[in-house]
Amino acid sequence: MTQRTIINYIKLLVELRLIILYDNASFLYVVNPKYVYKGSEINRKRILDDLIKNHMKYNIDIQSFLDIPLSEIEFPIIPDPEFITLEDGSIEIID
C-alpha cells in the first residue's frame, strides 16, 4: 500500500466522520467514540461530552457526534436579564 493510498483512505474516513483529527500539530486521529469505543458506556459518554463541549478547542466538527443536523436542535431561549442603574452609577440585575 502506497503512502498516497493511505492518505486517501484517511481522507475518506474523515469525510465519513469515522475518525477525527484530534491534534493538527501531530496529525493525531482518533476513532469517533460515537461509533466505536473500547470501555464502559459511562466513560464513552464522558468522552463524547468532553469532545462536544470542547469541539472548538479541538477544532472538531460537532456534527460528527450528533444523530440529527445541528440546525434541527432546539436550544432553550434564555431571556436577557433586566438591569437598573443605581444612583451611584452601578448596575444591578433585577430577578
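The values are calculated or read from the model by the stated rules, or taken from the named source; none is laboratory data. Nothing here was measured: the structure is a model prediction, and the numbers come from that model. Neighbour counts run over all protein chains shown; Cβ positions are idealised from the backbone, glycine included. Each accessible area value is taken on the protein alone, full model and side chains, heavy atoms only, with ligands, DNA and RNA left out. Shrake-Rupley method; radii C 1.70, N 1.55, O 1.52, S 1.80 Å.
Observations on the structure shown:
- Listed values (i) -0.53, -0.67, -1.14; (ii) -0.38, -0.62, -1.31; (iii) -0.52, -0.68, -1.30 include one computed from this model; for log10 I(q)/I(0) by the Debye sum over Cα atoms at q = 0.11, 0.14, 0.24 Å⁻¹ that value carries the label (iii).
- The angle between the Cα long axis of helix 41-53 and the main principal axis of the chain comes to about 60°, on a 0 to 90 degree scale.
- Probe 1.4 Å, all protein chains present, accessible-area order of GLU92, GLU74, GLU87, largest first: GLU87, GLU74, GLU92
- Radius 12 Å from Cβ of ASP67, net charge of other residues (Lys, Arg +1; Asp, Glu -1): +1
- Axis angle, to the nearest 10 degrees, between helix 3-15 and the longest C-alpha principal axis of the chain: 40 degrees.
- Accessible carbon and sulfur surface of the chain relative to its total accessible area, %, 1.4 Å: 59
- Surface exposure of the chain, expressed per residue as accessible area with a 1.4 Å probe, stands at 85 Å².
- Ranking PHE83, PHE27 from most to least accessible surface, computed with a 1.4 Å probe over the protein chains only, gives PHE27, PHE83.
- Top of ILE78, ILE62, ILE47 by mean-square fluctuation, Gaussian network on the chain, Cα under 10 Å: ILE78
- Charge tally in the Cβ shell below 10 Å around TYR37, where Lys, Arg are +1 and Asp, Glu are -1, TYR37 excluded: +3
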